[in-house]
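Enquirer: Quick one: structure below, then a few questions.
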Amino acid sequence: MKNMNTTEVVNQEAQEQLVQETYGKLLDEYMHSNHRQKADLIKKTFDFASKAHYNAKRHSGGPYIMHPLAVARIVCNEMGLGSTSICSALLHDVIEDTIYNVDDIKKIYGEDKVLGNKIGEIVEGLTKISGGIFAEQAVKQAAQQDEDQKSKQVENFRKLFLTMNNDIRVVLIKLADRLHNMRTLDVMSQEKKHKITGETLFLYAPLAHRLGLHAIKTELENLCLKYEKPEAYQEIDKKLKEKNLILKSLFNKFAAPVDRKLKIMGFDYVMTKRIKSHFSIWTKMETRGLPFEEVYDLFAVRIVFESQEGFSDKDLCWKIYSAITDIYMIKPDRIRDFVSNPKSNGYQALHLTVMGPDGQWFEVQIRSRKMDDIDERGLAAHWKYKDHNIEEDAELGKLLDTIKVILEKPTPDLIDTLDEIKLTLYESDIKVFTPKGDIKTLPKGASALDFAYELHSNIGNTAIAAKVNHVLVPISHQLSSGDQIEIVTSKTQIPVEEWFNFVKTAKARIDITTALKRIRRENAQQGKAKLLAVFAKSEIEPHSSLIDKVAAYYGFTNREDLYCAIEKGDVPHYENVKKILKTKSDLFRMFAFLRKKEKGKKEAGTAAEQPDGEPKFDRKKPFLLTKAGLNRDYVLAECCKPISGDETVGFIDRNKLVVHKRMCPSAINRNSKYGDRIIATVWSGHAGLSFEATIKVEGIDTIGVLSSISKTILEFNVNIIRLVIKTMDGIFEGNIKLNVHNVEDVQQLCTKLSKIENITSAFRISE
């Protein structure tokens, strides 16, 4: 302290006081939880974590220990987990960021080796790879994978999922860690924000959804929108606040008669209005091209009741349903019984939509306190009710089993492995039945072939057709909830590449990939045997260089392709091997060039393609998207086709920058996997340059409407590239592809088009 001035001393004392106050809040929250009271264990862990992170600072300048404390509070207060999880949260960055290792952590707990080993295992699972369990595999793959396939982020995710199979608390604490990082994201650089929000939207929010952590999933999505589309977020937030009084009035008018009836029936309950999340509203506005004012389902009514002795929660849900439908007229096609058929993430509730006062539709969600706990706090609430043997635990087991299958049968490409795991985190599911009446849960849009693979890999590999509700259909047939399916198989059937076009589940894709690789290996072995027999018959020693010449003669750059083609009968006259080997052709020279180039790549590595080799871009400051640099220094992504004025992000790919719209799904996907290649971008100097944009127009088909559209477009001095209009039963919709100067052109044009009589909407789409 001798060299510190008075201000620094005061600041340090204030920070230490803040740390102690936050620790006190953590202890208080834990002591009021329903877990066994082990405050001494938490104190011991906190003291060690404080020592380990002593003098370390966060990006905000505050003490680093505040982050583990915040994560521990989320784990305790928002997830409802116990002392083991809280201690693991306090220590989650120790191995990665300090001089201590996992053995040091185990020693904290002295004689209690079981506890020390468990906390050490969880903390190790939360630690990023720095060599680690996949390092050797990554080195082996380096020669055959390009830079896209060697992302360390993907290895970190894969390690996380492997540990998740051993202890689900690893992922729960990781979600708490991510939530706190998102809450404090404003101090990060722009490219860091893109990386973290990309990862969050791509993987963490869907994972929270699948684990039933509704509140955390919603907050993660809202925070992503806040940082990626700040103007849109602020606009929605402002309009929600403005509309709050109207929504409150509508709710009170709807709730009054329901409240009276339920009290007479003796229910102990709480009725609230649940506002749609900012992210959900924005998504609906974007996908449907709606203004905020036309998003009508802004809130739902939620009734949470206490269980009653002598009645099942399911019976009580239907009693409340009956009471509400005695008051208001129901919309029959909008009943959703998630009590009898819970969602795959454990969600249970009874949904109905009724016509309320003033001609307003109201969605009502009816659920017990237990159901509400499980929806808001997910897996942690399962443990609270663990004596009830609830069905959601079985659903979680299915998720873990699916991920385990993916990790046990990984593709050579780690990126594909992550994508397959992502496919297991579905937004919606269907329930279908086997011929014996067993229920199977599949993603919405799944085919009969997905069902076959769900039953068994061998059934999927040999499937030729299916009987859905006793009607014969092809294996590509898309299933619906309630279908009963019987699979027809044949011993002669084998998987084909085309099956990837209509399967949805990760298990099906993994099993097909595995089968195709096996078939390819078998074909290659048989084709190789045939070629070696020809060499033997011709009395020629089958040196590898000679086989390479045969491959080059037929245009193949590797032997395995040649062997497979021979087995399939796609290589004519290969028996004339003497004649082939005597032939001099450009193919041989080309093949030699390719081999030399490949060898040079292996020796030199791919440093020239890596952004951290000889950097062409300065990631510390935004890259200027100039008119001169277009197609020279950067290109515009085809998937979302950004135009001048769009909020964009750049992705460094082989010394060229690919520019995406910030919320483009493809950009979110790539940003989540290769965060070290993200760069912030700013538009500059595009006057006189044209960009392609497509506007979707919808409305009532009347005489003169097309003429009005054309005249309006001409007013903006932009060129029409293509105009396609479709009409049906008096309604029309059209796509207009234009050359525009910037995003302001598009916004003004959409506003003007939407004001034309009989046009209901006009909005930009990606095409």
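The values are calculated or read from the model by the stated rules, or taken from the named source; none is laboratory data. Quantities reported herein were computed from a predicted structural model and do not represent experimental measurements. Don't worry about glycine lacking a Cβ; one is built from the backbone with ideal geometry, like all the others, and counts go over all protein chains shown. Surface areas here come from the heavy atoms of the whole protein model, side chains and all, with no ligands, DNA or RNA. Shrake-Rupley method; radii C 1.70, N 1.55, O 1.52, S 1.80 Å.
Enquirer: Mind checking which residues of segment 727-746 are in contact with a strand residue (DSSP E or B) (Cβ under 6 Å, 6 or more places away or on another chain) and either under 14 Å from W683 (Cβ atoms) or among the aliphatic types (A, V, I, L, M) (or both)?
Expert: Once the filter is applied, which keeps residues that are in contact with a strand residue (DSSP E or B) (Cβ under 6 Å, 6 or more places away or on another chain) and either under 14 Å from W683 (Cβ atoms) or among the aliphatic types (A, V, I, L, M) (or both), segment 727-746 yields I736, L738, V740, V746.
The rows are residues; the columns are (1) open to solvent by 70 Å² or more (accessible area, probe 1.4 Å); (2) of a type in the set (A, V, I, L, M); (3) touching a residue at least 12 places away in the same chain (Cβ under 8 Å); (4) touching a helix residue (DSSP H, G or I) at 6+ places or on another chain (Cβ under 9 Å).
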position	(1), (2), (3), (4)
K273	no, no, yes, yes
T283	no, no, no, yes
P291	no, no, no, yes
L316	no, yes, yes, no
Y347	no, no, yes, yes
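Enquirer: If you go through segment 474-510 one residue at a time, how many are of a type outside the set (G, A, S) and in contact (Cβ under 8 Å) with a residue 60 or more places away in the chain?
Expert: Filtering segment 474-510 down to residues of a type outside the set (G, A, S) leaves 474-475, 477-479, 483-489, 491-505, 507, 509-510.
Now restrict to residues that are in contact (Cβ under 8 Å) with a residue 60 or more places away in the chain: 504-505, 507, 509-510.
Total meeting the criteria: 5.
Enquirer: Also: Applying the selection to segment 435-481, what residues are open to solvent by less than 10 Å² (accessible area, probe 1.4 Å), modelled with pLDDT under 90 and either touching a Phe, Trp or Tyr at 6+ places or on another chain (Cβ under 6 Å) or more than 29 Å from F202 (Cβ to Cβ) (or both)?
Expert: P443
Enquirer: Also, quick follow-up: Among what's in segment 725-741 and is in contact (Cβ under 8 Å) with a residue 12 or more places away in the chain and open to solvent by 50 Å² or more (accessible area, probe 1.4 Å), pick the residue that is nearest to A637 (Cα to Cα).
Expert: Initial filter on segment 725-741 (in contact (Cβ under 8 Å) with a residue 12 or more places away in the chain): 725, 727, 730-741.
Right, trim to open to solvent by 50 Å² or more (accessible area, probe 1.4 Å) and you get 725, 727, 731, 733, 741.
Values: I725: 26, T727: 32, I731: 33, E733: 26, H741: 17 Å.
Filtering segment 725-741 for residues that are in contact (Cβ under 8 Å) with a residue 12 or more places away in the chain and open to solvent by 50 Å² or more (accessible area, probe 1.4 Å), the one nearest to A637 (Cα to Cα) comes out as H741.
Enquirer: Can you tell me which of (1) more than 28 Å from the chain's Cα centre (by Cα); (2) outside any loop (DSSP other than H, G, I, E, B) is the one G310 doesn't meet?
Expert: Tallying (1) more than 28 Å from the chain's Cα centre (by Cα); (2) outside any loop (DSSP other than H, G, I, E, B), G310 fails exactly one: (2).
Enquirer: Oh, and also: Wholly within segment 33-105, which helices (runs of 4 or more DSSP H) include no fewer than the required count, namely at least 2 residues that are touching a Leu at 6+ places or on another chain (Cβ under 8 Å) and either surrounded by fewer than 20 Cβ atoms within 10 Å (Cβ to Cβ) or of a type in the set (A, V, I, L, M) (or both)?
Expert: Values: elements: 39-52, 66-73, 83-90, 94-97.
It comes to 39-52, 66-73, 83-90.
Enquirer: Same structure again: Which of the residues spanning segment 527-569 are surrounded by 12 or more Cβ atoms within 10 Å (Cβ to Cβ) and not in a helix (DSSP H, G or I)?
Expert: Of everything in segment 527-569, those that are surrounded by 12 or more Cβ atoms within 10 Å (Cβ to Cβ) and not in a helix (DSSP H, G or I) turn out to be S538, I540, P542, Y554, G555, F556, T557, N558.
Enquirer: Sort out which residues of segment 433-479 are closer than 15 Å to T505 by Cα and in a loop (DSSP other than H, G, I, E, B), and write them in order of number.
Expert: Residues satisfying the conditions are K444, G445, A446, H456, I475, S476, H477, L479.
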